[in-house]
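Notes to accompany the following structure.
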Amino acid sequence: MDHDLLYLRPNIQVEPLFDYWYAWSHLIPPATAARNVTERHFKIMDSYINAPQVHANAVKNPKLLGGPFIDYDGKRVEDIRNLRNQTKQMRPQLIELSDAIASLDEILRTRAKGFSLQPLYNLVPDPLKGYVELVYDLNHHPSFRIIEPLLYESRYYDRSTQSLMLSVSTGDERPFVLSTPRLESETHFHLRLPFDHEIIDELFRLKSVPRSWGEIKEMLNVPESSERLVRSFLTPDPPAGYAPSQGRGIRWRYFGHACVLLESRETTILFDPVLSYTYGSDVPRYTYEDLPDSIDYVVITHNHQDHVLFETILQIRHKVKNFIVPISSGGFLQDPSLKLVLKQIGCKNVIEMDQMESLDFGNGSITLLPFLGEHSDLNVRCKAAHLVRIGKHSLLFAADSCNMEPRLYEHLHREVGDIDAIFLGMECDGAPLSWLYGPLLTKKIERAMDESRRLAGSNFDQAIRIIDQFNCREVYIYAMGQEPWLGYIMSIKYTDQSRPIIESNKLIEECSARGVFAERLFGKKEVYLESVNQIHSVGL
Ligand SMILES: [Fe+2]
Ligand SMILES: [Fe+2]
C-alpha cells in the first residue's frame, strides 16, 4: 500500500502563514511586517480578547465586511490570547522595529524643518540605524527610505515566522484573512517550512506527478499522529488535466478577478494569479487543474493581496519561468520592492520593469504602461498596466488603473496607437486608505481624510475615456472581486445598487450603443483570438 502512487487532491487548501496570520505581501518585508504585527494583529487580538461577542456579531453584519473582526464565533479567546502572548514573547525584534519606525516618524515630524538632515542621523532609533536614509522631497517634507536588501539580511527578517496550513476545502466560504488568524485544529496539518523551501515545490508537483505514500510521508516529515489526516489529502486518481488550445491559435481564459491566462503556441502568460481550488459549486470556473505544466511569464500588475496572492504563487512557482513585476520606489515603507518580496518567498527569475519598458517574446511583447490611482494617493510606484501584443492582436490588462487624468491616455495613444481589447477593473468605491495601509501610519488619520483617499479603480466616465482614447473594440470589465471564491481576500459583496455594478452596467450599455463589445466577466470565459468575428459565441 505504501507503494501505491498518490496525487495531492485538487481541493487541498494551502494557506501560507506568518505567525498564524495569513501571509500577504506586507508580511514579508521586515518593516511592513513589524507595523502589521503591532498595529493590526495585536490590536485585533486585544479587541477580540476583550469583547469576543462583539466580533462574533460584527462578522455577521454585511455592513462590516472586511472589518477588523475575528471570525471564530467568539469562542477561541484562550487560543487568541495564547497567540498574542506567544508572538510578543517570540518576536520582540519586530515590536522593537515597529516602535523604531514610529519614533523615527515622530523625530522627522518635529525636528526636520528643511535644514540639513545630517544631525538627525544620531537620533535615528537603534534598530533602524544603518538601514535608512533620511530624505526631503523638494518641498522639504521629510521622510526616510529603507535599504531593503540589507534589512532582509538582518535579525528583523525571520523565516521561522513562515509556515503552511493544509486542509480540505469544500466550498467558497472562508474567513476574511486580514482579520482572522488561522489556528491549529485537528482538520489542519501544519507544515512548518519557510516559503522558499524546495519541498514546497515538491508538494505542489504532487498535483500532477504522483509519488508513494512512503516518499510523501518522509518528504513532509509527517508525525505519526497526523498520518491519517495527511493520507486523506492524497488520492490515486490523476487530475482532470489541462486542455490545450489544440491548434486553434491564440487563446485567453478568464480564471476570475484579474487572473487571465493568455496562450499562443509559443508563449504562455498568466496575469495576477489568484486561483480557485476544485470542488463542487454552482459557479463554473477554471482552477489549478486548468494551468499548463509550464508558464513563461507570470505578470503582476500591482502589490495588493488580490493581485499578488502567495497561496497561488507558491503552488505554481515550480511551473513558472519568469515573474514580471513593476519597479518600486526604492525603500519607501508603503511601497516595498515586490521583486525582493517574490525572491524572498522562493520565486526565481523575477524581472522588474519600469513604465514604458517592453519585453519581447517569440511572437509578441509586453509593455508596461503607467497606472494612476488606486493607492490612496500614496507614493507607490509598484503598479503597471500591461499592453500585450501577440500575433496581430493587442490587449491591455489595466487592472485597477484609475483614469484620474485622461490626458495620460492621450499621450499614451500617441505612443502605442489603438488597442483591440481592454481588461479594466471598475471597483470604483474602494476601501479607505487605512484599510490596507493603516498599520503603516504612525499618526492617526482624520476620518474624513481617510474616507476621501480610497483604493478605487475607474468609474464610468473614467473608463469610457480610456476606451475612446484607444479605440478599443472589445471591453472586458474584470478585477471586481465578484467571484464567490475571493471573499477571503476581498470581502466584497455587491448588490444591484452597488456603485461599481451601476457604473459598469452603464459602461456596457454605452459601449453596446457604440457597437463596441463589452462584458463584465464573471466566473470563467474562453476566447480564441484567431476568430475575432466569432469570439462572442465561443465565450462561456
Ligand atoms: Fe488594487
Ligand atoms: Fe484589485
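Taking only pairs six or more apart or across chains, which ones have beta-carbon atoms under 6 Å, a first residue in region 293-304 that is farther than 10 Å from His386 by Cβ and within 16 Å of ligand 1 (Cβ to nearest atom), and a second residue that is not in a strand (DSSP E or B) and not polar (S, T, N, Q)?
Between residues of region 293-304 that are farther than 10 Å from His386 by Cβ and within 16 Å of ligand 1 (Cβ to nearest atom) and residues that are not in a strand (DSSP E or B) and not polar (S, T, N, Q), the close pairs are Asn303/Leu338; Asn303/Cys382.
Testing Asp450 on (1) surrounded by fewer than 16 Cβ atoms within 10 Å (Cβ to Cβ); (2) away from ligand 1 (no atom under 16 Å from the Cβ); (3) closer than 28 Å to Ser498 by Cβ, one condition comes back false. Which one is that?
(1)
Could you list all residues from region 309-332 that are of a type in the set (Val, Ile, Thr) and either in contact with a His (Cβ under 8 Å, 6 or more places away or on another chain) or away from ligand 1 (no atom under 15 Å from the Cβ) (or both)?
So the first thing to find is which residues in region 309-332 are of a type in the set (Val, Ile, Thr), and the list is 312-313, 316, 320, 324-325, 327.
Across region 309-332, the qualifying residues are Thr312, Ile313, Ile316, Val320, Ile324, Ile327.
Which residues, taken from region 413-462, are farther than 17 Å from Leu65 by Cα and among the hydroxyl-bearing types (Ser, Thr, Tyr)?
If the condition is that a residue be farther than 17 Å from Leu65 by Cα and among the hydroxyl-bearing types (Ser, Thr, Tyr), then Tyr437, Thr442, Ser452, Ser458 are the ones that fit.
Restricting attention to region 153-183, report how many residues are in a loop (DSSP other than H, G, I, E, B) and either buried (at least 20 other Cβ atoms within 10 Å of the Cβ) or in contact (Cβ under 8 Å) with a residue 40 or more places away in the chain (or both).
Selection size over region 153-183: 20.
Would you please name the residue that is nearest to ligand 2 (Cβ to nearest atom), looking only at residues in region 481-514 that are of a type in the set (Asp, Glu) and either on the phi > 0 side of the Ramachandran plot or surrounded by fewer than 21 Cβ atoms within 10 Å (Cβ to Cβ) (or both)?
Out of the qualifying residues, it is Asp496.
Name, by its number, the condition in (1) part of a helix (DSSP H, G or I); (2) within 16 Å of ligand 1 (Cβ to nearest atom); (3) of a type outside the set (Gly, Ala, Ser); (4) open to solvent by less than 30 Å² (accessible area, probe 1.4 Å) that does not hold for Trp435.
(4)
Does at least one position in region 422-430 carry a residue that is within 21 Å of Phe176 (Cα to Cα) and open to solvent by 40 Å² or more (accessible area, probe 1.4 Å)?
There is at least one residue in region 422-430 that is within 21 Å of Phe176 (Cα to Cα) and open to solvent by 40 Å² or more (accessible area, probe 1.4 Å).
So the check is Cβ under 7 Å with 6+ separation or different chains; which pairs have a first residue in region 423-437 that's away from ligand 2 (no atom under 12 Å from the Cβ) and a second one that's among the acidic types (Asp, Glu)?
Taking only residues 6 or more apart or on different chains, the pairs are Pro432/Asp450; Pro432/Glu451; Leu433/Asp450; Ser434/Asp450.
The values are calculated or read from the model by the stated rules, or taken from the named source; none is laboratory data. This structure is a prediction, so every number in the text was calculated from the model and none was measured. Using ideal geometry, Cβ is built from the backbone for each residue, glycine included, and neighbour counts are taken over all protein chains shown. The accessibility values were calculated without ligands, DNA or RNA, using every heavy atom of the protein model including side chains. Shrake-Rupley method; radii C 1.70, N 1.55, O 1.52, S 1.80 Å.
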